[in-house]
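Derivation of every value follows stated rules applied to the coordinates shown; laboratory data play no part. Note that the structure is predicted; figures quoted are calculated from it, not measured. Glycine gets a Cβ as well: all are built from the backbone with ideal geometry, and neighbour counts include every protein chain shown.
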Amino acid sequence: MRHRKDDPGFVTVSGNVSPVSTDGARVAQGAAPAARLSLGRRAVVEAVGTGLLVAAVVGSGIMGERLAGGNVGLALLANTAATGAALVALIVALGPLSGAHFNPVVTVADWVGGDLSWGDVRAYIAAQVAGGFLGTAVANLMFETPVFSLSRHARTGPAQLFSEVVATFGLVLIIGTCARRRPNAVPLAVASYISSAYWFTASTSFANPAVTLARAVSDSFAGIRPVDVPGFLVAQAIGGALAVGVVRWLLPPDPDASDVR
């Protein structure tokens, strides 16, 4: 895999992107070399960021459902607003530290683009999944529900699965193109897209394997039955792969690239 010397990379979500260090770390634009984080620290950032994102999704779902008085649309609106706001804040704050992936599909797409090593990918995904489960536990505890409880919220059928393909395709496409051409717009672009996809997809746009797994252990408004999770994961992988192909076709890698593996 190759990394372009003259552009900000493929799909790192940070709005302040600079070249990759020898171990794949990204740093804030203009930061001193000492600011580059080790893989272990970047993995912790990914775990914390994913955990806070899931806590926002699950917690706002519980709060929205309780306050909406049975109005599902109002509950979804509250869930959407909290998720979008959390995404902006987390990407802006943590993007310069780890790239603010918080999503295994984004991490794999970054690896395909040549900006991460396979060791980075494994550490990031493990951290994202662990952080997601921790975020669910935190949200459930804040609202005095069981720390983990299998969700009974059915999300199945061709429409739901196709929605996840579309949602994930759009997310990776937006990150990939913005990271190349308008990196400072990535936080707002990602949050805006996910907020809108809550409403224009039948699945309410999970678009994230780590978040999907974590939401399966919260029997709440934001949950998903464990039996429905595999289909969502496959659909997300398909959507992400399609988006990677489209971005690489639209913005082909520079043939004069240096290998960061």
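Would you mind getting me the FRET efficiency between L141 and D219? Use the beta-carbon distance for r and R0 = 22 Å, nearest 0.05. Working shown, then result.
Working: r = 14 Å, r/R0 = 0.64.
Once the sixth-power term is evaluated, E becomes 0.95.
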Could you calculate the contour length gain from R122 to S149, that is, 0.36 nm times the residue separation minus the distance between their Cα atoms, to one decimal place in nm?
-> 7.0 nm
Assertion target for Y198, Y124, ordered by fewest C-beta neighbours within 10 angstrom first, is Y198, Y124
How large is Rg over Rh for the stretch 104-145, taking Rg from the Cα atoms and Rh as the Kirkwood inverse mean of 1/r across Cα pairs?
-> 1.22
Where only alpha carbons of the stretch 33-250 are counted, the Rg and the Dmax (Å) | 16.3, 53
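So if R0 is 30 Å, what FRET efficiency would W199 and S38 give, r being the distance between their Cβ atoms, rounded to the nearest 0.05? Mind dumping the intermediate values first?
Values: r = 40 Å, r/R0 = 1.33.
Step by step, r from the Cβ atoms, then E = 0.15.
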Based on the Cβ-Cβ distance of R248 and R66, what FRET efficiency does E = 1/(1 + (r/R0)^6) give at R0 = 41 Å, to the nearest 0.05?
-> 0.35
log10 of Debye I(q)/I(0), alpha-carbon scatterers only, for the stretch 168-222 at 0.18 Å⁻¹ = -0.65
Separation in nanometres of the label points that stand 7 Å from Cα toward Cβ, at V234 and R182 | 3.6 nm
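In debye to the nearest 20, how big a dipole does the stretch 33-250 give about its Cα centre with +1 on each Lys and Arg Cβ and -1 on each Asp and Glu Cβ? Can you show the working numbers first?
Working: 13 positive and 9 negative charges, 73 e Å.
Its charge dipole is roughly 360 debye.
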